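See structure below.
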Amino acid sequence: MNVLMVFAHPEPRSLNAALRDVAIRELETRGHAVRVSDLYAMNWKTAVDRADFLNLDADGRLKVATASSEAFMAGALTEDVKVEQEKLLWADTLILQFPLWWFTMPAILKGWIDRVYAYGFAYGVGEHSDRRWGDRYGEGRLAGKRAMLIVTTGGWAEHYSPRGINGPIDDLLFPINHGILHYPGYDVLPPFVTYRVDRLDEAGFAQTAERLRERMRTLDTTPPIPFRRQNGGEYLIPSLQLRPDLGSAEATGFSLHRDERSPSESGSGNG
């Protein structure tokens, strides 16, 4: 299996870096090929601007989606972006690793998404009609591949529980898991989250490292989060509203977009 790890932490001596190395060693020990995009070490350009689109008319108004589409179709994206797109196509599994800062990923990682996920590559693909609304949410260029998050946070697990002050961790990570990973087609695995990292002692790190090794051992067999697929008949097109007969009466918000039925109940073997 080919694994791409996109790593976003500015300190090479950090806990995040130590966990990254644990994951890489375990994957390589098991015969997997691993490539790493260390965004801070690469001095990754974060902001999308005119310089990203090499064929853009100097006097033209910058419309990012249009410019992205035209540059992608013309092969005129910048070289750093094309290299990362090639890595995504190479990888069977994508891992995004980052500390949770202000309830989301660091800006440099969001900038990687903004620039690498070009129109025509990760979005804006497929037929739009009365029966389909593009190839996305379970379909798309990256369908058939797996993805997961490795996340660290200073808060306690209780702070990120269903009744915790910060909100449930699955809700906080939903925009990434569903909107960034599932959208272009990935089967998204449950995240690996480490809490209270600023107070993690040697014994705590050893336990965390072993948990991470186990996740790496089962990377190709762990059942994905059962996100619903957009074009499978569960959503009304073009409104993209979930059919009224689906989901429990109590379910609202993000939970609606998970199909918790068994494969026999849902009529599909795909999670």
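Filtering 231, 166 for residues that are under 22 Å from residue 16 (Cα atoms) and among the polar types (S, T, N, Q) leaves a single hit, 166.
Restricting attention to the stretch 38-71, the residues being in contact with a strand residue (DSSP E or B) (Cβ under 6 Å, 6 or more places away or on another chain) and either surrounded by 15 or more Cβ atoms within 10 Å (Cβ to Cβ) or acidic (Asp, Glu) (or both) number 5.
Screening residue 190 against (1) without any contact (Cβ under 8 Å) to a residue 60 or more places away in the chain; (2) outside any helix (DSSP H, G or I); (3) out of contact with any Ser or Thr (no Cβ under 8 Å at 6 or more places or on another chain) leaves a single unmet condition, (3).
Among residues of the stretch 221-234 being surrounded by fewer than 14 Cβ atoms within 10 Å (Cβ to Cβ) and of a type outside the set (Val, Ile, Thr), the one that is nearest to residue 150 (Cα to Cα) is 223. Quick one: is residue 199 under 21 Å from the mean Cα position of the chain (by Cα) and more than 15 Å from residue 96 (Cα to Cα)? Spelling it out, it is not the case that residue 199 is under 21 Å from the mean Cα position of the chain (by Cα) and more than 15 Å from residue 96 (Cα to Cα). Looking across the stretch 204-240 at every residue that is within 23 Å of the chain's Cα centre (by Cα) and among the polar types (S, T, N, Q), the one that is nearest to residue 183 (Cα to Cα) is identified as 230.
Apart from one condition, residue 121 fits all of (1) surrounded by fewer than 15 Cβ atoms within 10 Å (Cβ to Cβ); (2) closer than 19 Å to residue 48 by Cβ; the exception is (1). Taking the condition free of Cβ contacts under 8 Å to residues at least 60 places away in the same chain and either surrounded by 14 or more Cβ atoms within 10 Å (Cβ to Cβ) or at negative phi (or both), does residue 175 pass? So residue 175 fails the test.
Residues that are out of contact with any strand residue (DSSP E or B) (no Cβ under 8 Å at 6 or more places or on another chain), closer than 21 Å to residue 182 by Cα and of a type in the set (A, V, I, L, M, F, W, C) within the stretch 72-116 comprise 81, 89, 103, 107, 108, 113, 116, listed in sequence order.
Taken together, the residues in the stretch 169-184 that are of a type in the set (A, V, I, L, M) and either in contact with a helix residue (DSSP H, G or I) (Cβ under 8 Å, 6 or more places away or on another chain) or farther than 25 Å from residue 85 by Cβ (or both) amount to 3. Across the stretch 116-167, the qualifying residues are those that are of a type in the set (Ser, Thr, Tyr) and assigned to a loop (DSSP other than H, G, I, E, B), and the one among them that is farthest from residue 236 (Cα to Cα) is 153. Being closer than 20 Å to residue 192 by Cα and in contact with a Leu (Cβ under 6 Å, 6 or more places away or on another chain) is a description that applies to residue 6. Here the stretch 18-69 is the region considered, the condition is being over 22 Å from residue 98 (Cα atoms) and aliphatic (A, V, I, L, M), and the residue that is farthest from the chain's Cα centre (by Cα) is 58.
For the residues 88, 94, the requirement of being touching a residue at least 60 places away in the same chain (Cβ under 8 Å) and part of a helix (DSSP H, G or I) singles out 88.
Taken over the stretch 70-94, residues that are among the polar types (S, T, N, Q) and under 20 Å from the mean Cα position of the chain (by Cα) amount to 2. Out of everything in the stretch 228-266 that is in contact with a helix residue (DSSP H, G or I) (Cβ under 6 Å, 6 or more places away or on another chain) and of a type outside the set (A, V, I, L, M, F, W, C), what residue ends up being modelled with the lowest pLDDT? Per the stated criteria, the residue is 247. Mind checking whether some residue in the stretch 205-216 is assigned to a strand (DSSP E or B) and not aromatic (Phe, Trp, Tyr)? The answer is no; no qualifying residue exists.
The values are calculated or read from the model by the stated rules, or taken from the named source; none is laboratory data. No experiment lies behind these values; they were computed from the predicted model shown. Cβ: placed from backbone, ideal geometry, glycine included. Neighbour counts: every protein chain shown.
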